[in-house]
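The values are calculated or read from the model by the stated rules, or taken from the named source; none is laboratory data. Remember, it's a predicted structure, so these values are computed and weren't measured experimentally. When we count neighbours, we look across all protein chains shown, and the Cβ atoms used for this are built from the backbone with ideal geometry, even at glycine.
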Amino acid sequence: MTQETALALARFVQTLGTLSLLGVLAFRVLVAPLARGLVAASLGLALLGGVAWAGLAAAGYGVPVLALLGGTGFGRWLLLRLGLLALAGGLARPLPWLALAAAGLGVAAAVLSSHAAAEADPLGMAVLALHLLAAGLWLGGLLPLWQQAGAAGMQPARRFGRWAGLAVAVLLLTATVQGLRGIVDLPGLLGTRYGQAGLVKAGLLLGLLGVAALNRFRAVPRGQAGMLRLGIGLEVGLGLGVLAAATVMGSSMPSWHDTPVWPFAWAPSSIALEEPELHDEVFDALHALLGAFALLLLAGLARRVRWVALIAAVAITGFALPHLDLLLVPAVPTSFQRSPTGFAATGIAEAARLYPGHCASCHGARGEGDGPMAGQMSLPPADLTAPHLWDHADGALYWMIAEGSRTADGRIGMPGLGRQLQPGQIWALIDYIRVRNAAVAVEADGKFDRPTPAPELQLVCADGSTPTLGAWRRQTGALVLRRGAPAVSTVPTIYLHPGPPPPGGCVAPDPLAWAGYAVLSASGAALAAEDWFVIDANGWLRRRGQGAAEAAWQAIRRDPLPSEMTPLPHQH
């Protein structure tokens, strides 16, 4: 058993005991007296899981358990939680209401070690606390309900159902809020461990609700004790599954911080809707499916035409579905991944050193697909200066570079570089290729006709601050980036220079960053002193030139590109 698996198991046991203790105490206070054994068993599980969790965490950090418990936020939180649970166990017989309150605080204390707490998200913490309390009140009360089902008639089940129904409503509401706030998109839902565990949890929870509804509205009203005990047993099993999935989610990186790995060979895409003919084809198919659905409703309502309506609905569906293939495109595991480089000028400069040795022999020095090895390849090397480069997502380019490609008969079309380069180097190469593509396109008139973000820089300013280019630009609006020596300027200007910044201005002193911007020059060589770039208020490169830049700055300042434009497109 791995360390990670053991930690997850200890966390599962601890959470199971905690929720069970809350549910058992609530059952004792609100429904019927119980034997002390359930309280002791629940408390024992919680304490055992907590001790194991602390020991495994201490071993993972390489510190003594006492040092972990007393010297870390996690340790102090765990001590608080176990202390509250122990207090609840001790008060269970003499002061059951106080015991229930202590157990509730022990359950709610989980928010102190949650993702929401780490991100200082008060709403997320409140929603999580309500979710856990509702789960404990409902699921934790199932075992004592199973014990009493049939033995004392249906009265305990009816009492349990009254407040358990409220707990279920809160559980559903908070689960919906958590899902909407936590799973940000389809790749995050299907391509991350957090999202996949969330899907499993949602499926199990729906099954749990179905069984609970059967118990509540069929077994209890009819007094069917055997059916009720069977249903409660199923609820317990599904509840354990929900708790296991929640444990996986709690020990996983949230999907909005994780890198999705797309699990299917095809992915949804709306690119077809941008073409009028394809747009009409897709919507005609959707309208046909609506008609098929209407026929299904008719089949359910009118017996005389049932079979005719069913056959027509199946025929229409069979005709319409193939046309919806236009909403799918081929995908690879990295299809929805975005470059983590931040489009930094230093990374682009480092990739410029990699390109000649790994890419130029096939793609050519300028990337036009005319390298000395091009004629020996099974597939012609791609022209990296072509406009269609911008139609390929970061993740698709990454997979192509790392894994290469093959021809239809299995021959290597492009050798993969995944064994020769680190992932960070491949991502930097993608930034470099995009910048060189923009540089070649801008040669003719000095205008960046394609949305090209300004490579990021680390600045040193006259006031002693050290902002990034993006942060400084957001304060000043459109600006000019120059290679020449710092001087007093009438327009906001950043200088690629090692000297002190001019009054009110900033410099980018790192020569590696200058080399990154040199990739944008026609030759890719070092920038001349008179070279300049104009960057608009939303961070887009708009002009490149030499000499005076004030006129270009004035024009761009009044006409920025929309900030929501996507420079590096998603999967197409």
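Check segment 365-378 and report whether any residue there is modelled with pLDDT of 90 or more, within 30 Å of residue 264 (Cβ to Cβ) and of a type in the set (A, V, I, L, M, F, W, C). Checking segment 365-378: not a single residue is modelled with pLDDT of 90 or more, within 30 Å of residue 264 (Cβ to Cβ) and of a type in the set (A, V, I, L, M, F, W, C).
Filtering segment 250-278 down to residues that are small (Gly, Ala, Ser) and outside any helix (DSSP H, G or I), which residue is farthest from residue 74 (Cα to Cα)?
Among residues in segment 250-278 that are small (Gly, Ala, Ser) and outside any helix (DSSP H, G or I), the one farthest from residue 74 (Cα to Cα) is 270.
Of the listed requirements (1) of a type in the set (A, V, I, L, M, F, W, C); (2) buried (at least 18 other Cβ atoms within 10 Å of the Cβ); (3) under 25 Å from residue 136 (Cα atoms), residue 292 misses just one: (3). The residues of segment 77-108 that are basic (Lys, Arg) and loosely packed, with under 14 Cβ neighbours inside 10 Å amount to a single one, 93.
If the condition is being buried (at least 17 other Cβ atoms within 10 Å of the Cβ) and either of a type in the set (Val, Ile, Thr) or touching a strand residue (DSSP E or B) at 6+ places or on another chain (Cβ under 8 Å) (or both), then segment 260-289 contributes 261, 267, 269, 282.
In segment 312-323, is there at least one residue being under 31 Å from the mean Cα position of the chain (by Cα), in a helix (DSSP H, G or I), assigned by TED's automatic domain parsing to the domain that holds residue 294 and of a type in the set (A, V, I, L, M)?
If we filter segment 312-323 for residues that are under 31 Å from the mean Cα position of the chain (by Cα), which is where we start, we get 321-323.
Filter again for in a helix (DSSP H, G or I), leaving 321-323.
Within this subset, residues satisfying the condition of being assigned by TED's automatic domain parsing to the domain that holds residue 294 are 321-323.
Still in the list and also of a type in the set (A, V, I, L, M): 321.
For segment 312-323, residues under 31 Å from the mean Cα position of the chain (by Cα), in a helix (DSSP H, G or I), assigned by TED's automatic domain parsing to the domain that holds residue 294 and of a type in the set (A, V, I, L, M): present.
A single entry from 237, 250, 226, 241 fulfils the requirement of being out of contact with any Cys (no Cβ under 8 Å at 6 or more places or on another chain) and more than 20 Å from residue 201 (Cβ to Cβ): 226. Taken over segment 425-448, the residue count meeting the criterion of being of a type in the set (Asp, Glu) and under 32 Å from the mean Cα position of the chain (by Cα) is 1.
Every listed requirement among (1) crowded, with 19+ Cβ neighbours inside 10 Å; (2) modelled with pLDDT of 90 or more is met by residue 52 save one, (1).
So, of the residues in segment 423-454 that are β-branched (Val, Ile, Thr) and assigned to a loop (DSSP other than H, G, I, E, B), which turns out to be surrounded by the most Cβ atoms within 10 Å (Cβ to Cβ)?
From segment 423-454, those β-branched (Val, Ile, Thr) are 426, 430, 433, 435, 440, 442, 452; that's our starting set.
Next, from what is left, pick out any that are assigned to a loop (DSSP other than H, G, I, E, B): 442, 452.
Details: 442: 23, 452: 25.
So the residue we want is 452.
Is segment 27-44 home to any residue that is among the aromatic types (Phe, Trp, Tyr) and farther than 30 Å from residue 154 by Cα? Scanning segment 27-44, I find no residue that is among the aromatic types (Phe, Trp, Tyr) and farther than 30 Å from residue 154 by Cα, so the answer is no.
Among the candidates 210, 231, 203, 191, single out the residue that is without any contact (Cβ under 8 Å) to a residue 24 or more places away in the chain, crowded, with 18+ Cβ neighbours inside 10 Å and outside the structural domain of residue 29 (by TED's automatic domain parsing).
Criteria check complete, one pass: 231.
Of the residues making up segment 67-81, none is more than 24 Å from residue 117 (Cα to Cα), touching a residue at least 24 places away in the same chain (Cβ under 8 Å) and of a type in the set (D, E, K, R). Report, by residue number, each residue of segment 334-349 that is assigned to a loop (DSSP other than H, G, I, E, B) and in contact with a helix residue (DSSP H, G or I) (Cβ under 7 Å, 6 or more places away or on another chain). 334, 335, 336, 337, 338, 339, 340, 341, 343, listed by residue number.
Give segment 18-45 a look and list any residue that's without any contact (Cβ under 8 Å) to a residue 60 or more places away in the chain and within 20 Å of residue 248 (Cα to Cα), or say none. Write out each step before concluding.
Start the filter on segment 18-45 by keeping residues that are without any contact (Cβ under 8 Å) to a residue 60 or more places away in the chain, which leaves 33, 35-37, 39-41, 43-45.
Hit for segment 18-45 is 45, nothing else.
For segment 428-435, does any single residue satisfy the condition of being touching a Phe, Trp or Tyr at 6+ places or on another chain (Cβ under 9 Å) and in the same structural domain as residue 510 (by TED's automatic domain parsing)? Break it down stepwise before answering.
From segment 428-435, those touching a Phe, Trp or Tyr at 6+ places or on another chain (Cβ under 9 Å) are 429-435; that's our starting set.
So of that shortlist, the ones also in the same structural domain as residue 510 (by TED's automatic domain parsing) come out as none.
No; the residues of segment 428-435 include none that is touching a Phe, Trp or Tyr at 6+ places or on another chain (Cβ under 9 Å) and in the same structural domain as residue 510 (by TED's automatic domain parsing).
For segment 253-280, the set of residues classified as at pLDDT below 85 and more than 18 Å from residue 202 (Cα to Cα) consists of 256, 257, 269, 270, 271, 272, 273, 274, 275, 276, 277, listed by residue number.
Residues in segment 299-311 that are surrounded by 12 or more Cβ atoms within 10 Å (Cβ to Cβ) and in a helix (DSSP H, G or I): how many? Reasoning before the result, please.
Restricting attention to segment 299-311, the residues satisfying the condition of being surrounded by 12 or more Cβ atoms within 10 Å (Cβ to Cβ) are 299, 305-306, 308-311.
Among the residues that remain, those that are also in a helix (DSSP H, G or I) are: 299, 306, 308-311.
Result for segment 299-311: 6.
When residue 216 is tested against (1) surrounded by 17 or more Cβ atoms within 10 Å (Cβ to Cβ); (2) more than 18 Å from residue 142 (Cα to Cα), just one condition goes unmet, and that condition is (2).
For the residues 50, 23, the requirement of being over 30 Å from the mean Cα position of the chain (by Cα) and among the small types (Gly, Ala, Ser) singles out 23.
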